[in-house]
């Protein structure tokens, strides 16, 4: 409960250097201790809580809660806050309990504001046309639909309305600094929402933004940060002279070391350092570390940009209107360059400079290599790369989000209907090129690129192996559900019970889903059946949760076609044959990974070790730093995988052949 000050209390505060434009506008907690308020000026309507606790500072110093050397205008201050050395003033804020604010120039809300909600971010096309309206509940999937489905204007109108509704809910002329927040050494905070347990240390300017911090995953804003028109979700860190303008930062992201971004979206677990981004849609786990790297006008996810990576979206004709896509898992090598428009297939590696506007979306897991100014494709070769498998293993482990309250729904599967369908098309393309130009041709032309003879035949083999592996994985998962405790397989339950998932699959910024279900959701949004962001997210969460059911529906149809089976007449013997092929494919691919890893322990890899010794000290130095090949954790995991999958295959062969 708040009460007015007594004349004696007013006199005490005046004796302690305090003043007020109207003491009757100041009310205080019943149990307030006035001795902790010194050299403070009050104006407008102000309310003060009590000051009973102390803050233990780094280095062991203790500071009692209280107010000193500050000016407050229309401010409510909760219990046990310490606010001191405010050079200018704090105006129009509700400061919740247990906050520590020190050495700040100014904190204010000026008029009505939405704290970064409702800002339009011009992704992909700098000149406009794909704007995404950000708000503090935005998911990667909502943003994807809004940016990429512009051919459905009613859908865009409805999505904009959802964002406008949330913006209206957040609009106020009073800001909030959440409980247990810390703000020190910061120059300028204007129209800011600061969530609980947030830490702002040494920031330069924060204007029109929301820091969606929470106790379980606080936000940290570090030294020299300048940010305008932005939202930062919980668990994220923005550090060290980073500059943001019209930017959305998703959950558990890390931006630092002077990174610069404008008109860009970064969704969960992105890590951006040193470089620059302009008009990008960075889906989950987009990573760039290098000062010389520019990401511009592209859509990415699970992407790692090498040093000096660059793209062009401007042909000096109609302006910066071109855009491109690196599908999930794509990487760029050092000094790579891509001229937009272009589309690079999933889990592909780009090396060199590419100006031919290539579309390799139907050739996933490929290398794009520049040779004398031409683009060469090595289809499927990334399937046998240690780096690809290592990435797939590390992404789930590097998900730093709290288990509760996750906004983005992320599917980490390397092999899925999305990538396998592209492999099926890629296999058909390679087979067609082979028949069209002959099996002995030196090179084959595809799109604006070339494929060597060896690469084409190797790609056919690797795509077949990967498709077999995926179908076997999906089949064994199904067999586990339809086999009883006595080892009897109920073939009547082999076929899927639903048609959901039969046709094309898409990747909407981390969520892999049947296109038909996403289309149905969009239809329902347009018709008003789905009328809120909460309902939309619930539908997306349901699709994500039922992924494996939809996967089997799709995989079953492909299995019939790929292995020449007849629906309803599949025998145990035929299933055993598939398991045998699956076992060979898995072990064969693992052996390729084993040999690829072995290259990292070759004599060439040892170059630079044992600098002042002979060959003996070189090997010893190498082993001390890198260890020996057989005890390497990845190699050990590959060997264990071979053993485990071999045993799993033998188990099912015994059941199916019984």
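Looking only at the range 234-276, how many residues end up being closer than 20 Å to residue 407 by Cβ and either under 17 Å from the mean Cα position of the chain (by Cα) or outside any strand (DSSP E or B) (or both)? It would help to see each step written out before you state the result.
First pass over the range 234-276, keeping only residues closer than 20 Å to residue 407 by Cβ: 234-238, 244, 246-255, 261, 264-272.
Restricting the remaining residues to those that are either under 17 Å from the mean Cα position of the chain (by Cα) or outside any strand (DSSP E or B) (or both) gives 234-238, 247-255, 261, 264-272.
Residues flagged as closer than 20 Å to residue 407 by Cβ and either under 17 Å from the mean Cα position of the chain (by Cα) or outside any strand (DSSP E or B) (or both) within the range 234-276 amount to 24.
Give all pairs with beta carbons closer than 8 Å in which a residue from the range 356-374 that is without any contact (Cβ under 8 Å) to a residue 24 or more places away in the chain meets a residue that is surrounded by fewer than 16 Cβ atoms within 10 Å (Cβ to Cβ) and part of a loop (DSSP other than H, G, I, E, B); count only pairs at least 6 apart in sequence or on separate chains.
373/355
Taking the conditions exactly as written (over 31 Å from the mean Cα position of the chain (by Cα), free of Cβ contacts under 8 Å to residues at least 24 places away in the same chain and either surrounded by fewer than 22 Cβ atoms within 10 Å (Cβ to Cβ) or assigned by TED's automatic domain parsing to the domain that holds residue 552 (or both)), does residue 495 satisfy them or not?
So residue 495 does not fit the description; no.
Please go through the range 227-245 and pick out each residue that is touching a residue at least 60 places away in the same chain (Cβ under 8 Å) and surrounded by fewer than 24 Cβ atoms within 10 Å (Cβ to Cβ).
Scanning the range 227-245 gives a single hit, 229.
Going by what's in this entry, would residue 167 be described as more than 30 Å from residue 41 (Cα to Cα), at pLDDT 95 or above and touching a strand residue (DSSP E or B) at 6+ places or on another chain (Cβ under 9 Å)?
The answer is yes for residue 167.
For residue 343, indicate whether it is out of contact with any helix residue (DSSP H, G or I) (no Cβ under 8 Å at 6 or more places or on another chain) and either in the same structural domain as residue 254 (by TED's automatic domain parsing) or part of a loop (DSSP other than H, G, I, E, B) (or both).
For residue 343, the condition - out of contact with any helix residue (DSSP H, G or I) (no Cβ under 8 Å at 6 or more places or on another chain) and either in the same structural domain as residue 254 (by TED's automatic domain parsing) or part of a loop (DSSP other than H, G, I, E, B) (or both) - is not met.
If you check residue 227 against the conditions, is it assigned by TED's automatic domain parsing to the domain that holds residue 128 and either assigned to a loop (DSSP other than H, G, I, E, B) or closer than 23 Å to residue 336 by Cα (or both)?
Numbers: assigned by TED's automatic domain parsing to the domain that holds residue 128: yes; either assigned to a loop (DSSP other than H, G, I, E, B) or closer than 23 Å to residue 336 by Cα (or both): no.
So residue 227 fails the test.
Given the conditions (1) at pLDDT 90 or above; (2) part of a loop (DSSP other than H, G, I, E, B); (3) surrounded by fewer than 18 Cβ atoms within 10 Å (Cβ to Cβ); (4) at negative phi, and given that residue 441 satisfies all but one, which numbered condition is not satisfied?
The failed condition is (1).
Assuming residue 47 fulfils every condition listed in (1) surrounded by 19 or more Cβ atoms within 10 Å (Cβ to Cβ); (2) modelled with pLDDT of 95 or more apart from one, which condition is it?
With (1) surrounded by 19 or more Cβ atoms within 10 Å (Cβ to Cβ); (2) modelled with pLDDT of 95 or more applied to residue 47, the lone miss is (1).
Say whether the condition of being assigned to a strand (DSSP E or B), more than 23 Å from the chain's Cα centre (by Cα) and under 19 Å from residue 193 (Cβ atoms) is met by at least one residue in the range 110-124.
There is at least one residue in the range 110-124 that is assigned to a strand (DSSP E or B), more than 23 Å from the chain's Cα centre (by Cα) and under 19 Å from residue 193 (Cβ atoms).
Let me confirm something: among 41, 73, which residue is under 19 Å from residue 21 (Cβ atoms) and over 41 Å from the mean Cα position of the chain (by Cα)? Don't jump to the end; show me each part of the working.
Numbers: 73 fails: over 41 Å from the mean Cα position of the chain (by Cα).
Checking each option against the conditions leaves just 41.
Here are some residues: 282, 330, 252. Which one is buried (at least 21 other Cβ atoms within 10 Å of the Cβ) and on the phi > 0 side of the Ramachandran plot?
The match here is 252.
Could you tell me whether any residue of the range 12-23 is more than 30 Å from residue 172 (Cα to Cα), free of Cβ contacts under 8 Å to residues at least 12 places away in the same chain and in contact with a strand residue (DSSP E or B) (Cβ under 7 Å, 6 or more places away or on another chain)?
No - not one qualifying residue is present in the range 12-23.
Of the conditions (1) under 22 Å from residue 471 (Cα atoms); (2) part of a loop (DSSP other than H, G, I, E, B), residue 507 clears all except one; give me its number.
(2)
Hey, among the residues in the range 153-167 that are touching a residue at least 24 places away in the same chain (Cβ under 8 Å) and over 23 Å from the mean Cα position of the chain (by Cα), which one's surrounded by the fewest Cβ atoms within 10 Å (Cβ to Cβ)?
154
Can you pull out the residues in the range 10-40 that are surrounded by fewer than 19 Cβ atoms within 10 Å (Cβ to Cβ), on the phi < 0 side of the Ramachandran plot and part of a loop (DSSP other than H, G, I, E, B)?
Listed by number, the residues that qualify are 16, 21, 22, 30, 31, 33.
Mind checking whether some residue in the range 445-462 is in contact with a strand residue (DSSP E or B) (Cβ under 8 Å, 6 or more places away or on another chain), under 25 Å from residue 570 (Cβ atoms) and surrounded by 15 or more Cβ atoms within 10 Å (Cβ to Cβ)?
No: zero hits.
Pick out the one residue from 71, 113 that is in the same structural domain as residue 208 (by TED's automatic domain parsing) and surrounded by 14 or more Cβ atoms within 10 Å (Cβ to Cβ). Walk me through how you get there before you give the answer.
Values: 71 fails: in the same structural domain as residue 208 (by TED's automatic domain parsing).
Going through 71, 113 in turn, just one is in the same structural domain as residue 208 (by TED's automatic domain parsing) and surrounded by 14 or more Cβ atoms within 10 Å (Cβ to Cβ): 113.
Mind counting the residues in the range 169-196 that are closer than 22 Å to residue 135 by Cα, in contact (Cβ under 8 Å) with a residue 40 or more places away in the chain and assigned to a strand (DSSP E or B)?
Result for the range 169-196: 9.
The values are calculated or read from the model by the stated rules, or taken from the named source; none is laboratory data. Every value quoted in this text rests on a predicted model; they were computed, and no experiment measured them. Cβ sites come from the backbone with ideal geometry, for glycine too, and all protein chains shown count toward neighbours.
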